[in-house]
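First comes the structure, then the notes that go with it.
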Amino acid sequence: MNCYTLASNLGLTLRVVADMEEGKLPSPMAREYLQAGARAIMQMWRDLEQEDAQLCSA
């Protein structure tokens, strides 16, 4: 995982929330985007845990 990817995912998530609040993005579409962002962030979390496990076992 790199910090740029994490920052991009978080930034896009914030943009979706802002667009939804301003009425620029319908709720069902915002929900799909937020779920996709959450999945990407959780995958990055799992990747970090795997990297940590590999470092500890080495």
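The values are calculated or read from the model by the stated rules, or taken from the named source; none is laboratory data. From a predicted model like this one, the values you see are computed outputs, not experimental measurements. Virtual Cβ from ideal backbone geometry, glycine too; neighbours counted across all protein chains shown. Remember, those area values only see protein heavy atoms, side chains included, never the ligands or the DNA or RNA. Shrake-Rupley method; radii C 1.70, N 1.55, O 1.52, S 1.80 Å.
Contact map, segment 25-44: first residue charged (D, E, K, R), second residue modelled with pLDDT under 90, Cβ cut-off under 8 Å, separation 6 or more or different chains; the map is empty.
For segment 18-47, name all the residues that are of a type in the set (K, R) and either in a helix (DSSP H, G or I) or open to solvent by less than 80 Å² (accessible area, probe 1.4 Å) (or both). Scanning segment 18-47 gives R31, R39, R46. When the residues of segment 1-17 are filtered to those that are without any contact (Cβ under 8 Å) to a residue 12 or more places away in the chain and in a helix (DSSP H, G or I), the one that is farthest from I41 (Cα to Cα) is R15.
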